[in-house]
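Peer 1: One structure, as structure tokens, below. Some questions next.
Just so you know, all these numbers are worked out from the coordinates, no wet-lab data involved. Note that this is a predicted model, so its numbers are computed, not measured. Counting neighbours? That spans all protein chains shown, and the Cβs are built from the backbone with ideal geometry, glycine included.
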Amino acid sequence: MFRNKYDTDVTTWSPSGRLFQVEYAMEAVKHGSAAIGLRSRTHIVLGCVNKANSELSSHQKKIFNVDDHIGVAIACLTAEGRVLSRYMRNECINYILTYESPLPVGRLVFQLADNAQVFNLSIKSPFFIVV
């Protein structure tokens, strides 16, 4: 495939007004497996489709426990999902050690979004994942 100068950076627009790296991330999400979360007043259920890429490979874990009150289900690239779940786990531990109370979910989501934005602007490609 021919790569041009607009294909290498997430912050470089092509003359036609496209961000190729963002389009690649959206395509990667489309090819990922399904993940769903259901919530009632007392329970939460997370589910993922685990499918192996070939007969010789096994499925990879797509549901992670972040803290006692936070879990995450990922779709798409599991390696990036593990990186982000580890980041969320560390943020929860740091908050508990500092404030002696569990990290509010809204604050964790805000910190995760900030981290993803900084990462996307400093590295050449965005996260190819849906959390």
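Peer 1: Checking the conditions here, which among 38, 56 is free of Cβ contacts under 8 Å to residues at least 12 places away in the same chain, exposed (fewer than 15 other Cβ atoms within 10 Å of the Cβ) and touching a strand residue (DSSP E or B) at 6+ places or on another chain (Cβ under 6 Å)?
Peer 2: Residue meeting the stated conditions: 38.
Peer 1: Taking segment 87-112 as the region of interest, how many residues are exposed (fewer than 11 other Cβ atoms within 10 Å of the Cβ), part of a helix (DSSP H, G or I) and not aromatic (Phe, Trp, Tyr)?
Peer 2: Residues in segment 87-112 being exposed (fewer than 11 other Cβ atoms within 10 Å of the Cβ), part of a helix (DSSP H, G or I) and not aromatic (Phe, Trp, Tyr): 3 in total.
Peer 1: Can I ask one more? For segment 12-35, how many residues are exposed (fewer than 11 other Cβ atoms within 10 Å of the Cβ) and either part of a strand (DSSP E or B) or in contact (Cβ under 8 Å) with a residue 60 or more places away in the chain (or both)?
Peer 2: 0
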